[in-house]
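Worksheet: the structure to be examined is printed underneath.
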Amino acid sequence: MLNLYKLPEWFDKCLVNFKIKTTNQLKMKDSTKKIAKFGLFAKGSIYLISGILTLLSALNMGGSKSGKFKVLDFLEKQPLGNVILIVLALGLISYSVWRFIQCFSDPENEGSDTKAKLKRAGFGVSGLIYLALAGLAIKKVVAGGGSSSGGQNYVDTFGPTVITIVFIIIGVALAVKAIFHFKKAYQKKFMDEYSIADLKYHKLAKNAGYFGYYARAVVSGIIAFFFLKAGLYSGQNEIKGTQDAFSFLQDSSYGNILLGLVAAGLACYGIFVVLLSKHKKFD
């Protein structure tokens, strides 16, 4: 039987537990924000360096066509290269953690419908990619270098049927990603993720993001084509990435012009992310 005299005591306990739980959630949220911002800065730095090096290559001013993994080779050769790689690796690990949090905990309330689940799955894949990049950076510091390039043939390990299915899935996912980036640039919704209305460089960041998302759409579309082609045609089983997309552009008509435009766009995306990393909105 309910004891009415104990209701105030019960209510007080519930209130205390609620306050403790809420405080812990807020603390976790603050730490998550710091992790996300540090990670975004590291991600933006990768895109910025990749874009600049590739742009210089397109202009015949040195540099080289550089995807994310090639950027590590460049940084390793710089003064204090190992220190830079360690800091970058920590940032990339932070970004991976943020992506995994987005995937499994849904801190931004994406939802649980099919579209949201696919988006959150994409966050998880992104986390794995950047975690691999961080691991390679650490390996370079510990093992003392080695090239980050060089595709591997996984057919002998997993079999052609598995590889075909995996490549087609990746190709479709990248095609969807390309459409998503194009739509985001066209609708100019990418600014909604940041609180920068009162910042002096608001217009610069907006233009850089606009150009950058279009460039990312182009690169993602080309890589999607590579994976779909590799999955649908036997014997073509090399994993290709951003650097191969750059070569594809350069080998086409007006190659250096197209390569230069896309590289400049990726550099702009890097500027956009670096500038706005500390202004990321989380609600």
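The values are calculated or read from the model by the stated rules, or taken from the named source; none is laboratory data. Since the structure is predicted, the reported quantities are computational estimates derived from the model, not experimental observations. Here Cβ is always computed from backbone atoms with ideal geometry, including for glycine, and neighbour counts include all displayed protein chains.
Structure values in brief
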| read-out | value |
| --- | --- |
| Matching option when the condition is over 30 Å from residue 107 (Cα atoms), of a type outside the set (D, E, K, R) and modelled with pLDDT of 75 or more, among 272, 227 | 227 |
| Test: residue 33 is over 16 Å from the mean Cα position of the chain (by Cα), in contact (Cβ under 8 Å) with a residue 60 or more places away in the chain, surrounded by 14 or more Cβ atoms within 10 Å (Cβ to Cβ) and on the phi < 0 side of the Ramachandran plot | yes |
| Cβ pairs under 8 Å, 6+ apart, first in the stretch 193-219 and of a type in the set (Gly, Ala, Ser), second at pLDDT below 85 and assigned to a loop (DSSP other than H, G, I, E, B) | 195/281; 205/196; 205/199 |
| Odd one out for residue 78 among (1) over 18 Å from residue 41 (Cα atoms); (2) polar (S, T, N, Q); (3) in a helix (DSSP H, G or I) | (3) |
| Positions within the stretch 231-254 being surrounded by 13 or more Cβ atoms within 10 Å (Cβ to Cβ), modelled with pLDDT of 75 or more and over 29 Å from residue 52 (Cβ atoms), in sequence order | 231 |
| Candidate set: the stretch 56-75, residues that are of a type in the set (A, V, I, L, M, F, W, C) and either within 26 Å of residue 135 (Cβ to Cβ) or touching a residue at least 12 places away in the same chain (Cβ under 8 Å) (or both); chosen: the one surrounded by the fewest Cβ atoms within 10 Å (Cβ to Cβ) | 59 |
| Residue 278 surrounded by fewer than 19 Cβ atoms within 10 Å (Cβ to Cβ), in a helix (DSSP H, G or I), more than 21 Å from the chain's Cα centre (by Cα) and at pLDDT below 85 | no |
| The stretch 76-108: number of residues that are crowded, with 21+ Cβ neighbours inside 10 Å and not aromatic (Phe, Trp, Tyr) | 10 |
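Conditions (1) modelled with pLDDT of 85 or more; (2) aromatic (Phe, Trp, Tyr); (3) closer than 30 Å to residue 255 by Cα, marked per residue:
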{"position": "3", "(1), (2), (3)": "no, no, no"}
{"position": "23", "(1), (2), (3)": "no, no, no"}
{"position": "43", "(1), (2), (3)": "yes, no, yes"}
{"position": "50", "(1), (2), (3)": "yes, no, yes"}
{"position": "90", "(1), (2), (3)": "yes, no, no"}
{"position": "98", "(1), (2), (3)": "yes, yes, no"}
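Condition check ((1) modelled with pLDDT under 75; (2) in contact with a helix residue (DSSP H, G or I) (Cβ under 7 Å, 6 or more places away or on another chain); (3) surrounded by fewer than 14 Cβ atoms within 10 Å (Cβ to Cβ); (4) basic (Lys, Arg)) across all residues:
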| position | (1), (2), (3), (4) |
| --- | --- |
| 116 | no, no, yes, no |
| 127 | no, yes, no, no |
| 130 | no, yes, no, no |
| 147 | yes, yes, yes, no |
| 165 | no, no, yes, no |
| 171 | no, yes, no, no |
